1. Step by step: find N for the range A:154-278, compute 2.2 N^0.38 Å, then divide the Cα radius of gyration by it. What's the final number?
2. Between the range C:186-220 and the range D:225-295, how many Å separate their Cα centres?
3. For the range D:30-95, report the translational diffusion coefficient in µm²/s to the nearest whole number, using Stokes-Einstein at 20 °C, 1.002 mPa s, and a Kirkwood Rh over Cα pairs.
4. Give me the distance in nm between label points sitting 7 Å out from Cα along the Cα-to-Cβ direction at B:TYR176 and C:TYR176, one decimal.
5. For the range A:218-259 and the range A:384-448, what is the separation of their C-alpha centers, rounded to whole Å?
6. How large, in percent, is the carbon and sulfur part of the accessible surface of chain A at a probe radius of 1.4 Å?
7. Take the Cα coordinates of the range D:155-255, assign each an equal point scatterer, and use the Debye formula without solvent to give log10 I(q)/I(0) at q = 0.15, 0.16, 0.21 Å⁻¹.
8. What's the percent breakdown of Cα-Cα distances in chain A across 20 Å bins, shortest bin first?
Amino acid sequence: MADSASTPHILAASRVSKSFGEVPVLFSIDFDVRQGEVHALIGENGAGKSTLIKILSGIEQPTSGTIVLDGEPIRLPSNGESASLGIVVIHQELNLAEHLTVAESIFLGREWKRYGFLRRAEMQAEAQRILDGLHVSIDPNARINTLSVADKQMVEIAKAISRDARVLIMDEPTAVLTSAETDIFFEQVRRLKAKGVAIIFISHKLDEVMALSDRITVLRDGQLIATVDTGDLTPDAIAEMMVGRELSNLYPPKNEPDVDAPVILDVEGLTAPGVRGVSFALRRGEILGFAGLIGSGRTAVMEAIVGLSEKTGGTVRLRGEPVAFSAIGEAIDAGLVYMTKDRKGKGLLLNIGLQRNLTLLTLKRHIKGGFLNEASEVEAMERATRRFDIRARDASVRVGQLSGGNQQKLMLGKAMESEPEIVIIDEPTRGIDVGTKQQIYHIIAALAKEGKSIIVVSSEMQEVIGLSHRVVVMRDGRRMGTLEGAEIKEGEIMRYAAGLKGEFGDDRASA
Amino acid sequence: MTAQAHEGVKPAKKRFRIDYHTFGPLVALIALCLLGLALNPAFASEGNISNLLTRSAFIGIIAVGATFVITAGGIDLSVGSMAAVISGAMIIVMNAAIETLGTGVPTVLLGCAASVLLGLGAGFLNGFMTTKGKIEAFIVTLGTMGIFRSLVTYFADGGTLSLAFDIRDAYRPVYYGNLLGIPIPVLVFALVAVLGWVLLNRTAFGRYCMAIGSNETVARYSAIKVDRIRTLTYVIQGLCVSIATIIYVPRLGSASSSTGVLWELEAIAAVIIGGTMLKGGYGRIGGTVIGAIMLTTIGNILNLTDIISNYLNGAVQGVIIIAAVWLQRGNLGHLNIFRKARG
Amino acid sequence: MTAQAHEGVKPAKKRFRIDYHTFGPLVALIALCLLGLALNPAFASEGNISNLLTRSAFIGIIAVGATFVITAGGIDLSVGSMAAVISGAMIIVMNAAIETLGTGVPTVLLGCAASVLLGLGAGFLNGFMTTKGKIEAFIVTLGTMGIFRSLVTYFADGGTLSLAFDIRDAYRPVYYGNLLGIPIPVLVFALVAVLGWVLLNRTAFGRYCMAIGSNETVARYSAIKVDRIRTLTYVIQGLCVSIATIIYVPRLGSASSSTGVLWELEAIAAVIIGGTMLKGGYGRIGGTVIGAIMLTTIGNILNLTDIISNYLNGAVQGVIIIAAVWLQRGNLGHLNIFRKARG
Amino acid sequence: AAAQEITIGVSIPAATHGWAGGLNWHAEQAMTRIEEANPDIDIVLIAADGPAQQANDLEDLISIHQIDALVVLPFESEPLTDPVRMVKESGVFVTVVDRGLSQEGIEDVYVAGNNTALGTVSGEYFLSRLGEGDNIVILRGIPTVIDDERFNAFMETIDGSGINVLDNQYANWNRDDGFEVMQDFLSRFPDIDGVWAQDDDIALGVIEAVRQAGREDELFIVGGAGMKEIIQMVMEGSDLVPVDVLYPPAMIATAMDVTVSHFTSNGPVSGEYILGAPLITPENAENYYFPDSTF
Ligand SMILES: Nc1ncnc2c1ncn2[C@@H]1O[C@H](COP(=O)(O)OP(=O)(O)OP(=O)(O)O)[C@@H](O)[C@H]1O
Ligand SMILES: Nc1ncnc2c1ncn2[C@@H]1O[C@H](COP(=O)(O)OP(=O)(O)OP(=O)(O)O)[C@@H](O)[C@H]1O
Ligand SMILES: [Mg+2]
Ligand SMILES: [Mg+2]
């Protein structure tokens, strides 16, 4: 661990405040990061973490206060030019141009050139090398719009760590990664740290924070609560500092699954793009977890079921009746709702306000006499705000300006507005703070208790384990196994997910 | 700790938002009118104002339709030619119907019915090829633009189709008449604009148009029937063209291959001047109406004075359009919103 | 733990992907040529092919510039008028220079220099107003379209500017001459296309154009000077227009207000037919070249046969354009990629 | 001048092609000349891009400029008939030029070129040069009534002569289109004896295409209108362009003068003034050559 007293800080914020228009979001924050340390920044959704690191990287200018780089006050250039000062950022929002290829994205803005021409082959090879270092098999020539969210995040990471960073700032880089990817990523972070890079790390996953950081700064509602050495506190204490109240058990107690409950959704031999013959059944009142590595086909299964992608084989039975949804609207009418994990690309319209996003899926419910009933929309917004604790200045704020966690909550609200029988939630708590996470888990459990059936697709092992009655583990588009009761343990899930165990032998072990 | 952050989500501040956007084009229009007045006091005469509004009705009605298409992320280059071919067809139908239906209102109504049918059909054709044929809207409507214009040339045998003079008397009031002192075309324009506004801002359909134009994938994931809605925008565009045609035909009583040339550019310009974004996702009927009136006013102002060489009309027009948009965007700090929304 | 945490991502099939895009327009072009051949064997005569390619050079060169503008998310409607005003200015300059520089090559070179300067200037003007003035490209270039066209009318006093006959001899070869049997305009076109391709695909500038067109915010965060790059695309467009003009003027030695009318639509159509996306982010010079040749070929084919009523030329043209694009998009399963990219 | 001021509105098509350019030039010249000679006459000249805009212009001339007389060269006859009638009904003296309205009795004065005559005169020249089995191609203007009248008159004239019309295509009264259409005719037809280009702008494009193909010696070209470049060639006795048929844009000046004389002369001026479409030959070309004109 870096010796906090002796090492000078590289980058610091001194009494920094920030308002967007009339609305203050940061109040006189002091923050610094030293060479060779990992400084974690934590806080509830909307606490101002992203805003602070935007200020530290020059993308936003502080309303008051100063930024100090190498002991000198400095006005950081906007437009990402601070990268040339060695300040490199992985933004919370994915920051990739969809039409470019992976290699092009990694080198965007700092292309290697010879005589003015791009050294394409070399950049490609280097991109390949960086990606190999992250142990991911992403083709450097693939276009970004063909990648999954997780792969895009890996490209972002590759882009950031390949730069000559003195200060590396990462805003929830692991939100979309599984623990396996996270481990590999942490290796890289530690390597950089050993090289003396100063690292700012934002995460809602407290175990990661504990494992990686040297110091922790807690923000709440734009105020600095404390900066402490990591070793001095337990995760629970930190969590309480964040939310400002005592946190009880994160996961609600599981009610006993009713094995006699009728099967409400029955999938048999489903094949679709990315899915190879998946079967499973979902009972009334059950929470069914879907685990697996990234790209294992969980999302593909769900999208095929609700009619977002074309089914090529197999049957789906809803309450015993075979169904074949050709559009998601039909699924919703049948009481089946799907919440995507890609909130920016597929979930929310970033350039309009909260209220219109919330009601988009269920707009038909807000029609009176053929016209939209604004009062009913407002009511829905109030309902969702209460239920999911969405925090924004007002309902007209563009969703793109919301904090990541609040976007996620809004998306949950949007899905739940349809009052479904069956809820499929893909990555329900991505980017959500512990306090809210707890609320969401309780909401899910309560829904199940009411007799609704829920599928939780998640890359967070703890979440799957903590919530589910049964867990389906997938690999390579296939169901490897279904775990029940005491079997639901991290090690067991990993064994199935990695193909070491399960219905299909590891046919790609040699690959 | 501030109360603010925990208050949750307040309802949007409505009044403020409306002002922001409608204000820009309006200010530019007012500036333009003052210029007109300065050049020639006759600008403000009742006759001139009424002429001006009546004229802007054609482009205005078409532009209301274009607002839907553009809001949903499409574009329609065929509207001018569509207007020409529909005019032509109306004239053929009405001329043919004289024998059976006589020269009165029934014939005119038949012509109008034909116009509406053709407009809906042409719009559907554009929409269908764009969505189901999966061809870029620019290409589809460039193609139909050529096709429609050719058809009217063909119907007219290279010349002009003209409405039989006997019917004109029954039909003339639709353009030249007025109700309570307001010219009929202006009334129709107002009606179309109001209906368009309601449709875009107060119905699910309008909301869907914005969603599709803003992000098609999100729209699809939100259970919106993207292809159907998008096709409908073209159908609405077709309907608007047919309405514009219905009030256009009695004015000139003829159609030829030069009818409606460049109306598509004018309609799109009116839409963009009004603050709708060409990339979709954001539409304003009110702005479109002002944009259409503004374009007509520019033409009118050029006729107010002969201090400028006729040859430079186009230049003055160009300068005024750019200046007007600059005024409303730049000066009112309006642009920040636009730029961000685009990013 | 397996090192291979990521599954399912197969290395992209590179060869396949390249074929995909260039192949589509090419197949459509070949189909069109076969149609031409079937209608009239004279289509394949050396003279006709050489005429055809020479003709496509104007639109083609302009379309290469338009590819940059559109890839970076802009649009330029002023190119046709720009070509007209630059032609006019070149003629004025050369006619005036006869007295001092004589009727030889120096005068022609002076004319060309003027052309390039004006092209760069006009392009810069468009770019500057779009980026710094923060006015939509559609409006800016609609405005300059009117301004440029007016200016040439004004210079020509409503008539035609004609190049003095004495200079024509020195200048004629630029259009009518050939090198190793290949017409000069075709060589210039090829050169511009190759340079354009290199610039778009092999330099940081080209990559920045795509990045800006795809996502302006990302580009800005990547320390790309968005305004500068975007302005440069308009400057390149201006340069391309001036090059096209340089080979256009010796053809007929004149410029008038009807020069270059609708070239903007043709240029944009060539770009889109070639597979570049109108919304930006994705450009293909190769496709643009094929698109330009395709458009010229359609016109040529119509002149080679009289089985179709003259009145219907435009319709046939429209149908062929739509069909060609449908063929290349729909049939080759090309569209999935496009749809996703748009979402 | 003690007399009260008289305002004359002149509404013409904008200079979108050569002939219309000449029209604008002559109108402007006449305006300057007339206003100088008659201080109490004010002329308002407005050019329109299309029929609809011209209708707008007419409204503006009435409501804003309150004209006493109107000289109008309609973009197209049909669509402007009603708008001109409205002008007439408001008590204005109306002179119509070139393209007659589709209803009789609206205008006070009609000054006309003669499109039918242009077609007939051209056709007669072809009859004099060619006969049974000879091949010609025709380049037409923009699909309009004017073009139709010329074309039909021409076809009627050569009907039965055995002259073979290989094909006709629109060249839109435009040099570039003339050039390209002719290029294609040349690659398509190995034997062409004559080209009727109908318009001098088209003819200029045709000439270049023929030169490029090196086929100057096998055919001749007849244009129309009286552009100075073409007249010069005729004057010089060119074999390629042996004659031209006059259709003078200066007719607008005639019309303006006639209209002014309604106010200044004590004789009656209403009626029809039909200008001929004479054949311009090397012998008489000098009379039609105006080197200062833009057309
Ligand atoms: N451009 C902006 N305009 C207006 N308000 C903004 C803007 N950017 C952020 N905010 C507001 O500032 C507050 C802090 O947001 P920030 O993104 O910093 O939160 P965060 O701590 O990163 O939260 P999360 O954990 O959810 O990502 C939020 O209320 C947000 O709505
Ligand atoms: N429409 C499709 N066409 C072809 N392949 C597809 C399609 N949809 C998904 N796939 C492929 O199926 C595989 C499974 O992807 P999916 O997104 O379902 O995985 P996942 O388990 O949800 O992982 P992640 O955590 O990355 O979302 C991937 O290799 C993906 O490329
Ligand atoms: Mg954040
Ligand atoms: Mg998934």
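1. 1.47
2. 53 Å
3. Translational diffusion coefficient: 172 µm²/s.
4. Placing both labels 7 Å beyond Cα along the Cβ direction yields 5.6 nm.
5. 18 Å
6. Working: 8980 of 18490 Å².
Carbon-and-sulfur percentage of accessible area, whole number: 49.
7. Debye output, listed in q order: -0.61, -0.69, -1.12.
8. Result returned by the calculation: 22, 55, 23, 1.
The values are calculated or read from the model by the stated rules, or taken from the named source; none is laboratory data. What you see is a predicted model, and the numbers here were worked out from it, not measured in a lab. Every residue, glycine as well, gets a Cβ built from its backbone with ideal geometry; the counts of neighbours run over all protein chains shown. These accessible areas exclude ligands, DNA and RNA; they are computed on the full protein's heavy atoms, side chains included. Shrake-Rupley method; radii C 1.70, N 1.55, O 1.52, S 1.80 Å.
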